[in-house]
Amino acid sequence: MAELMPTPDAAPSHRLGARPALGARAQELFEELCPYRGDGLRNHCLRVFHFTTLLLERRRQKADPDLLYALAMIHDLGLLCPGEQGGDYMQRSRSLFHRAFAAKSFELSPYDLRVADECLLYNHRLRPTPALCPESTAFRQSVWMDHSLGVRRYDLDAASVRDGFTRHPRGDFNAVLLDFARRVLTREPWTLVDGIFM
(Lines give C-alpha, C1' and ligand atoms only; values in the text may rest on other atoms or scores of the structure.)
Protein backbone atom coordinates (compact mmCIF):
# COMPACT_ATOMS: atom_id res chain seq x y z
CA MET A 1 0.00 0.00 0.00
CA ALA A 2 1.07 3.57 -0.55
CA GLU A 3 2.57 5.42 2.34
CA LEU A 4 3.10 8.99 3.42
CA MET A 5 6.66 10.17 3.70
CA PRO A 6 7.93 13.60 4.74
CA THR A 7 9.53 15.78 2.09
CA PRO A 8 12.64 17.82 2.95
CA ASP A 9 10.53 20.83 3.98
CA ALA A 10 8.52 18.61 6.37
CA ALA A 11 5.33 18.85 4.28
CA PRO A 12 3.70 15.50 3.57
CA SER A 13 3.98 13.99 0.14
CA HIS A 14 1.33 11.53 -0.95
CA ARG A 15 2.80 8.68 -2.97
CA LEU A 16 0.16 8.39 -5.65
CA GLY A 17 -1.80 5.21 -6.22
CA ALA A 18 -4.26 4.38 -8.97
CA ARG A 19 -6.49 7.40 -8.18
CA PRO A 20 -4.15 10.29 -7.35
CA ALA A 21 -6.90 12.89 -7.75
CA LEU A 22 -8.47 11.72 -4.47
CA GLY A 23 -5.36 12.51 -2.45
CA ALA A 24 -4.71 15.77 -4.29
CA ARG A 25 -8.25 17.02 -3.67
CA ALA A 26 -8.08 16.05 0.01
CA GLN A 27 -4.84 18.00 0.44
CA GLU A 28 -6.49 21.04 -1.19
CA LEU A 29 -9.40 20.83 1.24
CA PHE A 30 -7.06 20.48 4.20
CA GLU A 31 -5.02 23.51 3.19
CA GLU A 32 -8.18 25.53 2.61
CA LEU A 33 -9.91 24.68 5.91
CA CYS A 34 -7.16 24.07 8.48
CA PRO A 35 -6.62 27.25 10.54
CA TYR A 36 -3.66 26.00 12.61
CA ARG A 37 -0.11 27.19 12.03
CA GLY A 38 1.65 24.05 13.23
CA ASP A 39 1.64 20.54 11.82
CA GLY A 40 -0.25 18.95 14.72
CA LEU A 41 -3.53 18.31 12.91
CA ARG A 42 -1.83 17.38 9.65
CA ASN A 43 0.41 14.87 11.41
CA HIS A 44 -2.55 13.42 13.29
CA CYS A 45 -4.20 12.76 9.93
CA LEU A 46 -1.00 11.25 8.57
CA ARG A 47 -0.68 8.96 11.60
CA VAL A 48 -4.29 7.82 11.18
CA PHE A 49 -3.54 6.96 7.54
CA HIS A 50 -0.26 5.29 8.50
CA PHE A 51 -1.80 3.15 11.25
CA THR A 52 -4.84 2.25 9.13
CA THR A 53 -2.56 1.08 6.34
CA LEU A 54 -0.47 -1.02 8.72
CA LEU A 55 -3.52 -2.61 10.35
CA LEU A 56 -5.00 -3.59 6.99
CA GLU A 57 -1.67 -4.96 5.81
CA ARG A 58 -1.33 -6.99 9.00
CA ARG A 59 -4.83 -8.39 8.44
CA ARG A 60 -4.15 -9.07 4.75
CA GLN A 61 -7.03 -6.81 3.73
CA LYS A 62 -6.80 -5.01 0.41
CA ALA A 63 -7.80 -1.35 0.39
CA ASP A 64 -7.47 1.75 -1.76
CA PRO A 65 -4.67 3.90 -0.29
CA ASP A 66 -5.83 7.04 -2.14
CA LEU A 67 -9.31 6.77 -0.65
CA LEU A 68 -7.96 6.09 2.84
CA TYR A 69 -5.56 9.01 2.55
CA ALA A 70 -8.39 11.33 1.48
CA LEU A 71 -10.57 10.19 4.39
CA ALA A 72 -7.74 10.58 6.90
CA MET A 73 -7.01 14.13 5.72
CA ILE A 74 -10.61 15.31 6.01
CA HIS A 75 -12.02 13.21 8.88
CA ASP A 76 -11.82 16.10 11.39
CA LEU A 77 -12.57 18.97 9.02
CA GLY A 78 -16.27 18.94 9.92
CA LEU A 79 -15.20 20.64 13.15
CA LEU A 80 -13.74 23.49 11.13
CA CYS A 81 -16.59 24.13 8.68
CA PRO A 82 -19.77 24.74 10.73
CA GLY A 83 -21.62 25.85 7.60
CA GLU A 84 -21.42 22.35 6.12
CA GLN A 85 -24.56 20.24 6.26
CA GLY A 86 -25.00 17.98 9.31
CA GLY A 87 -25.97 18.06 12.95
CA ASP A 88 -22.52 17.16 14.28
CA TYR A 89 -18.96 17.35 13.03
CA MET A 90 -18.84 13.72 11.87
CA GLN A 91 -21.89 14.34 9.68
CA ARG A 92 -20.35 17.57 8.41
CA SER A 93 -17.12 15.75 7.49
CA ARG A 94 -19.25 13.24 5.58
CA SER A 95 -21.15 16.05 3.86
CA LEU A 96 -17.87 17.74 2.94
CA PHE A 97 -16.57 14.52 1.42
CA HIS A 98 -19.71 13.93 -0.65
CA ARG A 99 -19.76 17.52 -1.89
CA ALA A 100 -16.04 17.68 -2.69
CA PHE A 101 -15.83 14.28 -4.37
CA ALA A 102 -19.16 14.25 -6.21
CA ALA A 103 -17.61 14.58 -9.68
CA LYS A 104 -17.65 11.43 -11.82
CA SER A 105 -13.95 11.90 -12.45
CA PHE A 106 -13.24 10.61 -8.94
CA GLU A 107 -14.77 7.25 -9.92
CA LEU A 108 -16.18 6.43 -6.50
CA SER A 109 -17.97 3.09 -6.38
CA PRO A 110 -20.87 2.25 -4.06
CA TYR A 111 -18.37 0.40 -1.88
CA ASP A 112 -16.06 3.44 -1.80
CA LEU A 113 -18.99 5.53 -0.58
CA ARG A 114 -19.79 2.96 2.10
CA VAL A 115 -16.16 3.05 3.29
CA ALA A 116 -16.25 6.86 3.31
CA ASP A 117 -19.51 7.06 5.23
CA GLU A 118 -18.44 4.54 7.84
CA CYS A 119 -14.96 6.00 8.34
CA LEU A 120 -16.28 9.54 8.70
CA LEU A 121 -19.34 8.80 10.83
CA TYR A 122 -17.91 6.19 13.22
CA ASN A 123 -14.21 7.03 13.57
CA HIS A 124 -14.59 8.45 17.09
CA ARG A 125 -16.77 5.66 18.47
CA LEU A 126 -15.17 4.36 21.62
CA ARG A 127 -16.72 0.92 21.20
CA PRO A 128 -16.84 -1.10 17.98
CA THR A 129 -19.85 -0.64 15.74
CA PRO A 130 -21.18 -3.95 14.38
CA ALA A 131 -20.92 -4.84 10.69
CA LEU A 132 -18.46 -2.14 9.65
CA CYS A 133 -16.26 -2.87 6.64
CA PRO A 134 -12.60 -3.77 7.34
CA GLU A 135 -11.35 -0.34 6.27
CA SER A 136 -13.60 1.59 8.63
CA THR A 137 -12.85 -0.78 11.51
CA ALA A 138 -9.12 -0.21 11.03
CA PHE A 139 -9.71 3.54 10.61
CA ARG A 140 -11.61 3.79 13.91
CA GLN A 141 -8.92 1.78 15.68
CA SER A 142 -6.22 4.01 14.23
CA VAL A 143 -7.94 7.14 15.54
CA TRP A 144 -8.03 5.64 19.03
CA MET A 145 -4.47 4.37 18.71
CA ASP A 146 -3.42 7.93 18.04
CA HIS A 147 -5.54 9.51 20.76
CA SER A 148 -4.29 6.97 23.31
CA LEU A 149 -0.68 7.80 22.36
CA GLY A 150 -0.15 4.19 21.34
CA VAL A 151 -1.46 2.59 24.54
CA ARG A 152 -4.09 0.95 22.34
CA ARG A 153 -2.26 -0.92 19.59
CA TYR A 154 -4.79 -3.50 18.39
CA ASP A 155 -2.85 -5.77 16.00
CA LEU A 156 0.29 -3.64 15.78
CA ASP A 157 3.52 -4.09 17.72
CA ALA A 158 4.89 -1.31 19.88
CA ALA A 159 7.78 -0.55 17.51
CA SER A 160 5.43 0.03 14.56
CA VAL A 161 3.30 2.41 16.60
CA ARG A 162 6.34 4.31 17.90
CA ASP A 163 7.55 4.63 14.31
CA GLY A 164 4.28 6.32 13.33
CA PHE A 165 4.75 8.94 16.03
CA THR A 166 8.40 9.42 15.01
CA ARG A 167 7.57 9.88 11.34
CA HIS A 168 4.74 12.30 12.07
CA PRO A 169 5.40 14.06 15.42
CA ARG A 170 2.52 15.40 17.50
CA GLY A 171 3.79 18.98 17.37
CA ASP A 172 1.03 21.36 18.48
CA PHE A 173 -1.67 18.67 18.44
CA ASN A 174 -2.50 19.19 22.14
CA ALA A 175 -3.43 22.80 21.37
CA VAL A 176 -5.52 21.60 18.42
CA LEU A 177 -7.35 19.14 20.70
CA LEU A 178 -8.08 21.93 23.18
CA ASP A 179 -9.54 24.02 20.39
CA PHE A 180 -11.56 21.03 19.17
CA ALA A 181 -12.91 20.50 22.70
CA ARG A 182 -13.91 24.17 22.93
CA ARG A 183 -15.71 23.97 19.59
CA VAL A 184 -17.59 20.81 20.59
CA LEU A 185 -18.52 21.97 24.09
CA THR A 186 -19.77 25.37 22.94
CA ARG A 187 -21.52 24.32 19.73
CA GLU A 188 -22.53 20.66 19.94
CA PRO A 189 -21.93 19.08 23.36
CA TRP A 190 -24.37 16.24 22.54
CA THR A 191 -21.71 14.96 20.14
CA LEU A 192 -19.73 13.68 23.11
CA VAL A 193 -22.51 11.14 23.68
CA ASP A 194 -23.89 10.57 20.19
CA GLY A 195 -20.59 10.52 18.33
CA ILE A 196 -18.29 8.81 20.79
CA PHE A 197 -20.22 6.61 23.22
CA MET A 198 -23.25 5.61 21.14
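The values are calculated or read from the model by the stated rules, or taken from the named source; none is laboratory data. Keep in mind it's a predicted model, so treat the numbers as computed, not measured. Heavy atoms of the whole protein, side chains included, go into the accessibility calculation; ligands, DNA and RNA do not. Shrake-Rupley method; radii C 1.70, N 1.55, O 1.52, S 1.80 Å.
Each Cα pair under 8 Å and six or more residues apart adds its separation to the average, and for the chain the resulting relative contact order is 26 percent. Taking the 1.4 Å solvent-accessible surface of the chain as the whole, the part contributed by carbon and sulfur is 55%.
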